[in-house]
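Written out below as structure tokens is the structure these notes cover.
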Amino acid sequence: MNWDWSNVEDFMPHFWDGLLVTLQALAWGTLIAFSLGLLWAIAQRSDQVWIRWPVTAITEFIRNTPLLVQLFFLFTVVPEFGPTMSPLTTGIVGLGLHYSTYTAEVYRAGIEGVPVGQWEAATALSLPKRRTWTAIILPQAIRRVIPALGNYVVSMLKDSPQIAAIGALDMLGEAKGFTQATFTYEAISIVGIAFIVIAYPASVLLRVLERRLVR
Amino acid sequence: MSADSSTSKETVNPTVDGSELIRFDKVTKRFGSHVVLDELDFSVASGKHVTLIGPSGSGKTTILRLLMTLMKPEEGTIKVGGEYLTHETKNGKLVPASEKYTREVRKNIGMVFQQFNLFPNMKVLRNITEAPVQVLGLSKDEAEQRARELLELVGLTEHIDKYPSQLSGGQQQRVAIARALAMRPQVLLLDEVTSALDPELVAGVLDVLRDIAHTTDITMLCVTHEMNFARDISDQVLMFDSGRVIEAGTPEKIFTEPEHERTREFLSAVL
């Protein structure tokens with residue numbers, strides 16, 4: 001087999017479309033996963049059983065079922081009784097929701113890692129609950145879990161091609177279509193390289209953050 | 001020892017007068033089946049400096065933690081300044097206090113911890129101003145003014161813009177003292193505040209506390225193993241054993257002519 005630049009040229013417009021989908025899914029998915037995960041983690045520490053228990057049940061359920069099943073569920077079952085979303089939006093919600101159950105565990109570990117003396121000092125100063133969370137506990141907890149959270153961004157990038165199954169053609173989805181139509185291998189090679197080009201700098205950045213934040 | 005156990009059943013009730021600030025009434029605290037405080041009655045008069053001594057596990061720290069509402073008693077009531085701390089009266093009945101009510105009464109109480117517990121994500125200044133701004137509603141300027149005065153009192157003015165991790169243990173503890181005082185509490189609880197410090201740093205912290213004890217009318221409850229310090233600042237020393245006050249008196253009396261056999265044993269072991 002010989003590398004044929006004309007195949008590359010033909011594929012590139014599809015590649016840019018796919019890249020845009022991948023990056024959108026990753027950016028919005030991360031935003032959802034990071035904020036929703038924090039919400040789960042705080043809810044799981046509520047003193048109200050009726051908050052704690054359902055949240056634990058839902059997050060356990062999502063974490064222990066495949067992302068692909070959840071994507072199909074969101075795309076085909078949810079519209080029966082809820083909102084109908086475009087493939088890309090569904091993919092973003094699916095990725096974000098799925099990964100929020102993992103980031104929740106990361107936040108939980110970070111929150112539990114804050115010494116109990118910090119809560120006690122906040123009580124001794126009569127600081128309200130909300131202020132204790134926002135000014136004392138979370139800044140300390142999040143700082144030490146940023147590297148662990150970052151790992152899930154890389155994981156999410158690698159899981160993002162699954163959204164092609166519901167029709168949101170990410171870069172791998174585009175490459176697959178192109179390859180099956182032309183029986184060439186350039187497209188899939190380019191996408192492979194693109195994953196490394198996105199993921200590797202992210203990993204490096206994470207290591208830098210880790211050195212700076214976790215002391 | 002049998003004579004001891006019979007006498008330790010009698011609870012000494014040290015200060016019963018009109019100006020009592022803190023009152024424990026038949027307070028029982030258990031951890032599982034282990035009884036830490038057993039129907040403890042005691043009171044502290046306003047402005048007094050009281051030191052709690054006794055073997056570890058005798059319930060001294062538990063008293064401070066109950067007062068700070070870091071834990072709740074199984075039975076009995078605690079009053080601070082005539083108000084219930086753990087309970088409130090609703091329709092003439094005594095019910096467990098709500099979080100909001102407790103927070104209000106608790107504002108009168110400050111605490112300094114063995115492990116300092118400064119907020120590591122905040123600079124020294126903000127550690128001190130955070131609660132006065134958020135809880136007492138002081139303006140940022142007022143709170144900073146107050147913080148500067150307190151930092152001067154504890155001798156740390158030049159460290160105002162540092163993070164706690166940049167300070168020595170003794171300096172951190174002095175910031176913690178300033179932080180507690182910034183709330184202008186009526187009662188200051190000191191829980192083995194020098195136990196976690198390197199020996200050469202203890203004196204600086206104790207000097208600050210002596211200064212506060214001699215120049216303010218703040219009521220102090222102090223758990224310490226520093227007997228010389230206790231002698232210096234205390235109006236009264238309470239000897240604890242197995243969750244009861246077995247002897248109470250002035251430092252002169254307790255340290256020089258203790259009546260109780262357990263007190264004598266304890267003092268000869270620590271002095």
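With segment A:130-215 as the region, which helices (runs of 4 or more DSSP H) entirely inside it contain at least 3 residues that are away from chain B (no Cβ under 14 Å) and among the acidic types (Asp, Glu)?
Fully inside segment A:130-215 and qualifying: nothing.
Based on what the data block shows, is B:Ser43 among the small types (Gly, Ala, Ser) and not in a loop (DSSP other than H, G, I, E, B)? Explain how you work it out, then say what you get.
Values: among the small types (Gly, Ala, Ser): yes; not in a loop (DSSP other than H, G, I, E, B): yes.
Yes; evaluated as a whole, the condition is true for this residue.
Name every residue in segment A:76-125 that is part of a loop (DSSP other than H, G, I, E, B) and farther than 30 Å from A:Ile137 by Cα, in order of residue number.
Across segment A:76-125, the qualifying residues are A:Gly82, A:Pro83, A:Thr84, A:Met85, A:Ser86.
Of the residues B:Leu190, B:Leu167, which is farther than 20 Å from A:Leu125 by Cα and at pLDDT 95 or above? Reasoning before the result, please.
Working: B:Leu190 fails: farther than 20 Å from A:Leu125 by Cα.
None of the other options fit; the residue is B:Leu167.
Collect the residues in segment A:162-183 that are of a type in the set (A, V, I, L, M) and free of Cβ contacts under 8 Å to residues at least 60 places away in the same chain, keeping them in residue-number order.
Keep residues of segment A:162-183 that are of a type in the set (A, V, I, L, M), which gives A:163-166, A:168-169, A:171-172, A:175, A:181.
Within segment A:162-183, A:Ala164, A:Ala181 meet the criteria.
Does segment B:178-192 hold any residues that are touching a Gly at 6+ places or on another chain (Cβ under 9 Å) and under 8 Å from B:Met111 (Cα atoms), and which are they?
Across segment B:178-192, the qualifying residues are B:Ala180, B:Leu188, B:Leu189.
Just one of A:Ser126, A:Ser100 is modelled with pLDDT of 95 or more and either buried (at least 17 other Cβ atoms within 10 Å of the Cβ) or within 14 Å of another protein chain (Cβ to nearest Cβ) (or both); which is it?
Values: A:Ser126 fails: modelled with pLDDT of 95 or more.
From the options A:Ser126, A:Ser100, the qualifying one is A:Ser100.
Please enumerate the residues belonging to segment B:136-145 that are in a helix (DSSP H, G or I) and either farther than 28 Å from A:Val116 by Cβ or within 12 Å of another protein chain (Cβ to nearest Cβ) (or both).
B:Lys140, B:Asp141, B:Glu142, B:Glu144, B:Gln145, listed by residue number.
Mind listing whichever residues of segment A:1-16 are within 14 Å of A:Pro161 (Cβ to Cβ) and surrounded by fewer than 18 Cβ atoms within 10 Å (Cβ to Cβ)?
None; the set is empty.
Go through segment A:17-73 and give me each residue that's in a helix (DSSP H, G or I), more than 20 Å from A:Ala148 (Cα to Cα) and charged (D, E, K, R).
The answer is A:Asp17, A:Arg52.
Considering each residue of segment B:50-85, count those that are acidic (Asp, Glu) and within 12 Å of the chain's Cα centre (by Cα), and give that number.
Of the residues in that region, 0 qualify.
Surrounded by 18 or more Cβ atoms within 10 Å (Cβ to Cβ), farther than 20 Å from B:Tyr101 by Cβ, within 14 Å of chain A (Cβ to nearest Cβ) and aliphatic (A, V, I, L, M): which single residue out of B:Leu40, B:Leu64, B:Leu52 fits that description?
B:Leu64 is the lone residue from the list that is surrounded by 18 or more Cβ atoms within 10 Å (Cβ to Cβ), farther than 20 Å from B:Tyr101 by Cβ, within 14 Å of chain A (Cβ to nearest Cβ) and aliphatic (A, V, I, L, M).
Out of segment B:72-101, which residues are aliphatic (A, V, I, L, M) and surrounded by 15 or more Cβ atoms within 10 Å (Cβ to Cβ)? Spell out the reasoning first.
Kept after step one, since they are aliphatic (A, V, I, L, M), are these residues of segment B:72-101: B:78, B:80, B:85, B:94-95, B:97.
Once the filter is applied, which keeps residues that are aliphatic (A, V, I, L, M) and surrounded by 15 or more Cβ atoms within 10 Å (Cβ to Cβ), segment B:72-101 yields B:Ile78, B:Val80, B:Leu85, B:Ala97.
Which of the residues belonging to segment B:172-210 are basic (Lys, Arg) and either within 18 Å of B:Ile233 (Cα to Cα) or surrounded by fewer than 23 Cβ atoms within 10 Å (Cβ to Cβ) (or both)? Working first, answer last.
Let us first name the residues in segment B:172-210 that are basic (Lys, Arg), namely B:174, B:179, B:184, B:210.
The answer is B:Arg174, B:Arg184, B:Arg210.
May I ask you to say which residue of B:Ala176, B:Ala213, B:Ala180 is in contact with a Phe, Trp or Tyr (Cβ under 8 Å, 6 or more places away or on another chain) and modelled with pLDDT of 90 or more?
Among B:Ala176, B:Ala213, B:Ala180, only B:Ala176 is in contact with a Phe, Trp or Tyr (Cβ under 8 Å, 6 or more places away or on another chain) and modelled with pLDDT of 90 or more.
I need a count of the residues in segment B:114-135 that are assigned to a loop (DSSP other than H, G, I, E, B), free of Cβ contacts under 8 Å to residues at least 60 places away in the same chain and within 7 Å of chain A (Cβ to nearest Cβ).
5
Out of all the residues in segment A:176-187, is one or more farther than 12 Å from A:Gly18 by Cβ and of a type in the set (Lys, Arg)? Outline the logic, then answer.
Within segment A:176-187, the first condition is being farther than 12 Å from A:Gly18 by Cβ, and the residues that meet it are A:179-186.
Now narrow it down to the ones that are of a type in the set (Lys, Arg): none.
Scanning segment A:176-187 turns up no residue that is farther than 12 Å from A:Gly18 by Cβ and of a type in the set (Lys, Arg).
Restricting to segment B:149-167, give me the number of residues that are surrounded by fewer than 16 Cβ atoms within 10 Å (Cβ to Cβ) and either within 14 Å of chain A (Cβ to nearest Cβ) or under 20 Å from B:Met111 (Cα atoms) (or both).
Total satisfying the criteria: 5.
State which residue is surrounded by the fewest Cβ atoms within 10 Å (Cβ to Cβ) when the search covers only segment B:218-229 and only residues that are among the hydrophobic types (A, V, I, L, M, F, W, C) and more than 20 Å from B:Arg65 (Cα to Cα).
The qualifying residue surrounded by the fewest Cβ atoms within 10 Å (Cβ to Cβ) is B:Met227.
Across segment B:243-255, what is the total count of residues that are surrounded by fewer than 18 Cβ atoms within 10 Å (Cβ to Cβ) and part of a loop (DSSP other than H, G, I, E, B)?
Residues meeting the conditions: 1.
Using beta carbons and a limit of 9 Å, which pairs, at least six apart or on different chains, have the first residue in segment B:79-95 and on the phi > 0 side of the Ramachandran plot and the second one in a strand (DSSP E or B) and surrounded by fewer than 19 Cβ atoms within 10 Å (Cβ to Cβ)?
B:Gly82/B:Glu20
Could you give every pair whose Cβ atoms fall below 6 Å, whose first residue belongs to segment A:120-135 and is closer than 19 Å to B:Arg65 by Cα, and whose second residue is of a type in the set (Lys, Arg), counting only separations of at least 6 or pairs across chains?
Here the result reads A:Ser126/B:Arg103; A:Ser126/B:Arg106; A:Ser126/B:Lys107, each pair linking segment A:120-135 to a residue that is of a type in the set (Lys, Arg).
Exactly one condition in (1) free of Cβ contacts under 8 Å to residues at least 60 places away in the same chain; (2) of a type in the set (Gly, Ala, Ser); (3) closer than 25 Å to B:Ile254 by Cβ is not met by B:Gly59; state its number.
With respect to (1) free of Cβ contacts under 8 Å to residues at least 60 places away in the same chain; (2) of a type in the set (Gly, Ala, Ser); (3) closer than 25 Å to B:Ile254 by Cβ, B:Gly59 is out only on (1).
Taking segment B:73-113 as the region of interest, how many residues are away from every other protein chain (no Cβ under 14 Å), closer than 25 Å to B:Asp38 by Cα and of a type in the set (Gly, Ala, Ser)?
The number of residues fulfilling the criteria is 3.
Tell me, yes or no, whether segment B:4-18 has at least one residue that is at pLDDT 90 or above and among the acidic types (Asp, Glu).
No, the conditions are met nowhere in segment B:4-18.
Across segment A:103-123, which residue is nearest to A:Gly29 (Cα to Cα) among those that are buried (at least 22 other Cβ atoms within 10 Å of the Cβ) and hydrophobic (A, V, I, L, M, F, W, C)?
Step by step, filter segment A:103-123, then rank; the result is A:Ala104.
The values are calculated or read from the model by the stated rules, or taken from the named source; none is laboratory data. Remember, predicted model here, so these are calculated numbers, not experimental data. Methodologically, a virtual Cβ is constructed for each residue, glycine included, from the backbone with ideal geometry; neighbour enumeration extends over all protein chains shown.
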